[in-house]
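Novice: A single structure is presented below for examination.
Values quoted throughout were computed directly from the atomic coordinates according to the rules given, and no laboratory measurement underlies them. In this text the structure is predicted, and so the values were computed from the model without any measurement. Neighbour counts are summed over all protein chains in view; Cβ atoms, including those assigned to glycine, are modelled from backbone coordinates with ideal geometry.
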């Protein structure tokens, strides 16, 4: 993966910890992006399935959610990480200027600092969102009966939510059970709310 690298002076002991934190943050962001794609696409499909029993309409809406969501995530991540890069570069210049001014500063080992890459972040965010969104699409893609299709979506999304929630908790060094349950309950609530509101609108003839 392409990254921007700048050499600064840092203690060696902090090097491994910094690299671990950076890797964990990227992996956790990818898991959260996949979770976003999973929940938003599944909720969209459940909402459409509440008012239309046509499998084609449900799949098209889910695919549209995948494409639109992936682009939205990519653009948002690009802008966010680019702003972070500007801040870190400005801070790095300030730190290096202070080091040059300190003539009696004791010598430290050199370390390569990896700066955030906006393009890499945008691509990773879009891909992870798309991976998550594919779960309900693949799960419901070959089922004609609407009731069965809805149940299958809930089942496959439940399994995926548990997996994503557990992995995210591990990478974030948080409680695994609580982390997994939070993600699961949040996903259930999103799907239930979307299904219920669309069912209400459909019944009311809106």
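Novice: Just report the Cα centroid separation between the range 120-136 and the range 33-82, whole Å.
Specialist: The range 120-136 and the range 33-82 have Cα centres spaced 11 Å from each other.
Novice: Another question about this same structure. Arranged from highest to lowest average of other beta-carbon atoms within 10 Å per residue, in what order do the peptides 49-56, 132-139, 35-42, 181-188 appear?
Specialist: 35-42, 132-139, 181-188, 49-56
Novice: Can I ask one more? Quickly work out the residue 189-to-residue 71 label distance, labels modelled 7 Å from Cα along the C-beta direction, and quote it in nm with one decimal.
Specialist: In this crude spin-label approximation the distance works out to 3.1 nm.
Novice: Using a 10 Å cut-off on Cβ atoms, rank the peptides 85-96, 151-162 from the highest mean neighbour count down.
Specialist: 151-162, 85-96
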